[in-house]
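Asks: First the structure, which I've put down as structure tokens, then a few questions once you've had a look.
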Amino acid sequence: MDSNTKWIDVQGDDGVFQAYLALPRGGSGPGIVLIQEIFGVNAHIRSVAEQYAADGYVVLAPDLFWRQGAHIELGYDDADWKKAVALKGKTDTDQAVSDVAATVKALRALPGVGGKVASIGYCFGGLLSYLTAANGTVDAAVAYYGGGIQNALDRADDVTIPLLMHFGGKDSHIPQDAVRSVAERFGERDNVEIHVYPEAEHGFNCSHRGSYHQRSAVEAHGNTLLFLSENA
């Protein structure tokens with residue numbers, strides 16, 4: 001951890017938890033709340049936070065498993081997968097959405113956060129980013145391979161802010177029928193943008209996983225930066 005990264009306290013509805021803060025070189029910029037996968041704020045999520053900080057954003061990644069233990073971070077082998085699934089099963093989605101909202105509030109209050117705040121989430125975090133968008137908590141939202149969005153389309157009409165969604169064309173966790181249902185539900189909505197990367201598996205953005213797909217990750221990152229530059 002360098003001088004531009006640290007853990008800070010966030011006041012939630014039912015307690016204080018921590019979030020990983022990554023600052024751009026100049027110390028100020030638009031804000032991003034970065035929402036973890038089911039593996040915690042691990043080395044991958046911290047590296048993504050630092051990547052967006054290098055892009056000029058003030059990034060705050062909340063530790064959403066704090067009720068089950070602070071700073072839980074897992075890898076991607078079979079044993080950690082099982083632990084991650086168990087942690088996700090014990091996590092209340094509404095509480096997690098509330099934690100994200102508290103993190104947004106904390107981020108907006110930080111010195112140097114100018115302009116708008118966006119959310120970017122991965123996997124479970126992608127669903128949370130979508131729900132955060134539906135709640136209007138942020139100014140723009142991005143969801144990478146958001147598992148479960150297809151089951152929360154009753155919130156689609158609540159999404160009035162700009163929303164970008166990334167899906168993998170070979171995702172073994174999110175069926176293509178689910179992606180089509182999301183695309184059909186949003187239709188030609190001007191505020192919603194959907195990209196499908198044909199060769200990408202679930203977790204294609206994570207260089208720590210075997211499913212990492214460099215070309216798709218680069219394209220998605222570029223699309224995200226363009227989206228943020230226009231909307232956040």
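The values are calculated or read from the model by the stated rules, or taken from the named source; none is laboratory data. None of the values given here were measured: they were computed from a predicted structure. Ideal geometry is used to build each Cβ from the backbone, glycine not excepted, and the neighbour counts take in all protein chains shown.
Asks: Return the total of residues in segment 32-50 being part of a helix (DSSP H, G or I) and closer than 13 Å to residue 208 by Cβ.
Replies: Looking only at segment 32-50, we keep the residues that are part of a helix (DSSP H, G or I), and these are 43-50.
Now restrict to residues that are closer than 13 Å to residue 208 by Cβ: 43-48.
Residues in segment 32-50 being part of a helix (DSSP H, G or I) and closer than 13 Å to residue 208 by Cβ: 6 in total.
Asks: Restrict the check to segment 19-31 and report whether at least one residue is touching a residue at least 60 places away in the same chain (Cβ under 8 Å), over 21 Å from residue 140 (Cβ atoms), touching a Pro at 6+ places or on another chain (Cβ under 7 Å) and in a strand (DSSP E or B).
Replies: No, that holds for no residue.
Asks: Within segment 62-117, take every residue that is hydrophobic (A, V, I, L, M, F, W, C) and in a loop (DSSP other than H, G, I, E, B) and give me the one that is surrounded by the fewest Cβ atoms within 10 Å (Cβ to Cβ). Spell out the reasoning first.
Replies: Filtering segment 62-117 for residues hydrophobic (A, V, I, L, M, F, W, C) gives 64-66, 70, 72, 74, 79, 81, 84-87, 96-97, 100-102, 104, 106-107, 109-110, 113, 117.
Narrowing the set further to residues that are in a loop (DSSP other than H, G, I, E, B) leaves 64-65, 70, 72, 74, 110.
Working: 64: 28, 65: 25, 70: 11, 72: 18, 74: 18, 110: 14.
That would be 70.
Asks: What are the pairs with Cβ atoms under 7 angstrom where one residue, in segment 205-232, is basic (Lys, Arg) and the other, located anywhere, is not in a helix (DSSP H, G or I)? Sequence gap at least six, or different chains.
Replies: Note: pairs meeting the criteria are 209/76; 209/203.
Asks: Just to verify a result, which residue in segment 175-204, among those that are of a type outside the set (D, E, K, R), assigned to a helix (DSSP H, G or I) and free of Cβ contacts under 8 Å to residues at least 24 places away in the same chain, is nearest to residue 77 (Cα to Cα)? Before the answer, list the steps.
Replies: Residues of segment 175-204 of a type outside the set (D, E, K, R): 175-176, 178-179, 181-183, 186-187, 191-192, 194-198, 200, 202-204.
Remaining after also requiring assigned to a helix (DSSP H, G or I): 176, 178-179, 181-183, 186.
From the residues that got through so far, the ones that are free of Cβ contacts under 8 Å to residues at least 24 places away in the same chain too are 176, 183.
Numbers: 176: 25, 183: 32 Å.
Within segment 175-204, the match that is nearest to residue 77 (Cα to Cα) is 176.
Asks: If you don't mind, there's one more thing I want to ask. Can you find a residue that is without any contact (Cβ under 8 Å) to a residue 24 or more places away in the chain, part of a helix (DSSP H, G or I) and buried (at least 17 other Cβ atoms within 10 Å of the Cβ) anywhere in segment 145-165?
Replies: No, segment 145-165 contains no residue that is without any contact (Cβ under 8 Å) to a residue 24 or more places away in the chain, part of a helix (DSSP H, G or I) and buried (at least 17 other Cβ atoms within 10 Å of the Cβ).
Asks: Now for a different question. Out of (1) exposed (fewer than 14 other Cβ atoms within 10 Å of the Cβ); (2) at pLDDT below 95, the odd one out for residue 189 is which?
Replies: With (1) exposed (fewer than 14 other Cβ atoms within 10 Å of the Cβ); (2) at pLDDT below 95 applied to residue 189, the lone miss is (1).
Asks: Let me ask something additional. If you go through segment 45-86 one residue at a time, how many are among the small types (Gly, Ala, Ser) and over 15 Å from residue 23 (Cα atoms)?
Replies: Looking only at segment 45-86, we keep the residues that are among the small types (Gly, Ala, Ser), and these are 47, 49, 53-54, 56, 61, 69-70, 75, 79, 84, 86.
Keeping just the survivors that are over 15 Å from residue 23 (Cα atoms) gives 69-70, 75, 79, 84, 86.
Selection size over segment 45-86: 6.
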